[in-house]
Every structure is written in structure tokens, then in C-alpha cells.
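Structure first, then comments.
All of the numbers you see were taken from the coordinates with simple rules; none came from a lab. Values in this document were obtained by computation on a predicted structure and should not be read as measured data. Methodologically, a virtual Cβ is constructed for each residue, glycine included, from the backbone with ideal geometry; neighbour enumeration extends over all protein chains shown.
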Amino acid sequence: MKITSLVCGVLLVALVLTSAADKKIVLVAGRPSHGPGDHEFRAGALLLKSCLDKVPGVNAVVASNGWPTKLDGDKRIDDNSVFDGADAVMLFMDGGGGHPAIKGDHLRILGDLMKKGGGLGCYHYAVEIPKDKGGPESLEWIGGYYEDRWSTNPHWDADIKTLPKHPITRGVQPFHVVDEWYYNIRFRPDMKGVTPILVAKPSDETREGKTSSPRGPYPHIVAASGREEVLAWAVERDDGGRGFGFTGAHFHKNFGNDNFRKLVLNSLVWLAKMEVPADGVASATPTADELKQNLDPKRK
Ligand SMILES: [Zn+2]
């Protein structure tokens with residue numbers, strides 16, 4: 001009897017905490033890749049989830065280690081059920097030729113979500129995708145992507161001096177932070193439908209690409225001296241869905257920057273078609289210890 005009551009109580013709490021009306025945001029965190037503190041996809045996704053869990057009406061789900069999988073006997077197979085009913089998906093993972101989104105039938109799975117008006121946000125390396133596989137889809141779904149040798153990825157201190165009026169920038173103040181801010185993104189022709197969210201001017205030294213991979217200089221990047229560059233952007237698609245690209249978040253510690261973190265949280269809420277609060281999504285500044293939680297194990 002007592003056990004039954006306990007089970008009922010737990011179920012009731014679960015029902016109260018997660019209702020069908022909640023917006024489901026799936027945060028897909030890539031496999032460990034870089035050294036400690038860099039590309040901490042899982043730690044970043046869990047930190048964002050801990051903030052989103054305090055937002056009424058959000059059901060944030062983290063899938064770690066790349067595309068979600070489940071055990072089928074002794075084999076691991078895709079578990080696309082994680083995306084069932086998703087209002088928005090965050091891809092935070094290594095991209096390029098190994099981008100999990102272009103493996104198997106994953107582009108189709110994402111495409112089906114987009115057709116239903118789902119939101120898609122790609123963060124840091126996840127914005128890089130091959131131009132002939134995933135590139136066209138990225139233009140359609142999020143408005144742009146990092147194209148190898150066309151775009152560039154130096155480490156630099158981007159000084160965000162002004163922010164446009166947009167739900168994603170609510171409560172965000174101008175800020176500057178060192179990150180691997182990619183730029184010269186391959187956007188839709190004439191930036192059709194693309195709203196720049198973060199813009200900053202790289203120095204000529206940054207344009208030299210001494211910290212880019214592969215190393216610069218790339219003549220077309222150097223030649224654009226003095227030009228402002230788009231580091232994050234948003235689109236509202238014809239199918240009613242929303243897309244967002246964000247090139248920073250190489251360094252996990254940047255989630256400790258209140259403006260940086262608020263902008264990312266706002267973007268996730270906006271992608272799920274929720275109203276972003278007038279002051280943006282509130283969250284406590286993570287402590288130094290909290291920023292060390294869930295880091296990937298050191299690689300040998
Ligand atoms: Zn990086």
C-alpha cells in the first residue's frame with residue numbers, strides 16, 4: 001500500500017513537472033573531442049539544461065555522445081524517438097565531414113522535424129557542414145553554415161558593441177569575450193531572411209588567421225579588412241520553423257559570461273516558439289566549481 005502511494009506520488013510529481021503542453025527542447029551533445037575545457041558539448045548541454053529546467057513550460061532533454069542511440073541486443077542503434085514531439089533541437093557537436101547530422105538518414109529525420117515547423121539551432125563546430133552534403137539543408141533550415149576554406153575560425157576577442165532588437169537579444173548587454181568566433185559564414189544569397197544577432201569587427205591581425213585551422217592567411221579574408229562580421233544569426237522559415245546559428249562556445253568557461261549564456265538560452269526558448277521574457281531567460285551565474293562539472297574525461 002505504502003509502495004503504491006509512493007509510486008503514485010512520484011508519478012504525480014512527474015506529471016506536475018512535465019506536462020504535454022511543455023515545449024520540448026532536445027540538446028544533442030557531441031562526443032568528446034578536444035582538450036579539457038574546449039568543445040565540452042556534454043557539460044555545456046547539461047549546464048544549459050540546468051538553466052532551462054527553471055523556465056516554466058520547458059522540457060529540456062539532453063542526448064550525450066552524439067546522435068542519440070539505444071541498445072538493441074548487444075548493438076547500439078539510433079534512437080530517433082528522442083526527437084518525437086521536439087519543438088526545437090540544439091546541435092552542439094563537432095561538425096565538418098564527420099557531422100552526425102549527415103550520417104545515415106539523419107538529414108531526413110531533421111528535415112521531417114523542420115517540415116513540422118520545428119526549430120533548429122547549430123552551435124560552434126556544428127555550424128560547419130560539407131557544402132555538398134548538409135550545406136543546402138543548412139541554408140534552408142538555419143540560413144547559413146561554415147564552409148571549409150571560405151569561412152574562417154580564429155581565436156579572437158569579439159567586441160559586441162550593439163545588439164539588434166530581437167527576442168534572442170532580450171536582456172543581453174553589449175559584451176566581449178575571447179572565443180573561436182567563426183566568420184565569413186556561407187549565408188543564403190543576399191542574406192535573404194537572415195537576421196544578424198551578433199556582429200563584431202575582427203582586427204587585421206585576426207584576419208591573418210594565425211590561429212585558424214587550417215592556418216591562414218586566406219586572401220579573401222584579409223582583403224575584407226575593416227568589415228563587420230556576423231557571428232550569430234536567426235531565420236524564420238517559410239514553413240513556420242525557426243533557425244539559429246551561433247559560432248562561439250569553443251571555450252566552456254564562456255558559459256560563465258552572463259550575456260553570452262543569456263543569449264544562448266534565449267535562442268533555445270525562441271527556437272521552440274516560446275515567448276522570451278522581456279529581460280531574457282534568467283539564470284544564476286555558474287560558480288567556478290559548477291563550470292568544472294561534467295567535463296569530458298581527459299583523453300590519453
Ligand atoms: Zn572550437
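Here are some notes:
- Note on segment 34-140: antiparallel DSSP beta bridges, both residues inside, total approximately 45 percent of the bridges counted.
- A simple spin-label model places the labels of Leu71 and Ala223 5.7 nm from each other, with each point 7 Å out along Cα-to-Cβ.
- Computed FRET value (nearest 0.05) for Lys298 with Lys201, which takes r as the C-beta separation and R₀ as 30 Å: 0.25
- Subset of Lys253/Lys298; Lys116/Lys192; Lys103/Lys131 violating a 20 Å alpha-carbon distance limit: Lys116/Lys192
- Three-way shape label, segment 52-152, alpha-carbon gyration tensor, a/c 1.5: oblate
- Burial order of peptide ranges 218-229, 233-244 (average beta-carbon count within 10 Å, highest first): 233-244, 218-229
- Shape category assigned to segment 173-221 from the gyration tensor of Cα positions, a/c cut at 1.5: oblate
- Mean residue ellipticity, 222 nm, helices only, the chain: the sum of -39500 (n - 2.57) across DSSP H runs of n ≥ 4, divided by residue count and rounded to 500, is -6500 deg cm²/dmol.
- For the chain, the convex hull spanned by the alpha carbon atoms encloses 157 Å³ per residue.
- Kirkwood-based Rg to Rh ratio, segment 107-214, C-alpha trace: 0.98
- Where the Cα pairs of segment 175-300 fall when distances are cut into 10 Å bins, in %: 10, 34, 33, 20, 2
- Segment 218-289 versus segment 68-125: alpha-carbon centroid distance in Å: 20
- Ordering of 99-112, 275-288 by packing is 99-112, 275-288, highest average first (other Cβ atoms within 10 Å, averaged per residue).
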